[in-house]
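In what follows, a structure is listed as structure tokens, so that the remarks can point back to it.
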Ligand SMILES: [Zn+2]
């Protein structure tokens, strides 16, 4: 499929509509690293305390790590915004 939009949210809408995808969900437990495309793995926040800013550590409970590039992920504003869009699409 060729995606026309330059905006990520609109790209998501195009893909969902084109493939008639139902019940879209955003779940860190089945996510992939956007850099490596490997599945991310849940990791205890206490194991990564030195890798993330204090504020992020204090305000989040769930974290995932890419074992290849060691990038850490959490449900930040970007994911929360995507979840709102997904709820709207599913609704
Ligand atoms: Zn990675």
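The numbers here are math on the coordinates, done by the rules we state, and not lab data. Remember, predicted model here, so these are calculated numbers, not experimental data. Using ideal geometry, Cβ is built from the backbone for each residue, glycine included, and neighbour counts are taken over all protein chains shown.
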For the range 27-58, give me the residue count where each residue is surrounded by 11 or more Cβ atoms within 10 Å (Cβ to Cβ), away from the ligand (no atom under 16 Å from the Cβ) and either under 21 Å from residue 80 (Cα atoms) or in contact (Cβ under 8 Å) with a residue 24 or more places away in the chain (or both).
3
Filter the range 63-77 down to the residues that are surrounded by fewer than 15 Cβ atoms within 10 Å (Cβ to Cβ) and within 12 Å of the chain's Cα centre (by Cα) and list them by number.
76, 77
Being closer than 13 Å to residue 74 by Cα and not in a loop (DSSP other than H, G, I, E, B) is the filter here, so list the residues in the range 31-53 that pass it.
32, 41, 42, 43, 45
If you check residue 88 against the conditions, is it away from the ligand (no atom under 16 Å from the Cβ) and within 16 Å of the chain's Cα centre (by Cα)?
no
Return the residue satisfying two criteria in turn: it lies in the range 4-26 and is at negative phi and touching a residue at least 40 places away in the same chain (Cβ under 8 Å), and of such residues it is farthest from the ligand (Cβ to nearest atom).
22
Residue check for residue 89: part of a helix (DSSP H, G or I) and within 25 Å of residue 8 (Cα to Cα)
yes
Please go through (1) touching a residue at least 24 places away in the same chain (Cβ under 8 Å); (2) under 22 Å from residue 8 (Cα atoms); (3) touching a helix residue (DSSP H, G or I) at 6+ places or on another chain (Cβ under 8 Å) for residue 76 and return the number of the only condition it doesn't satisfy.
(1)
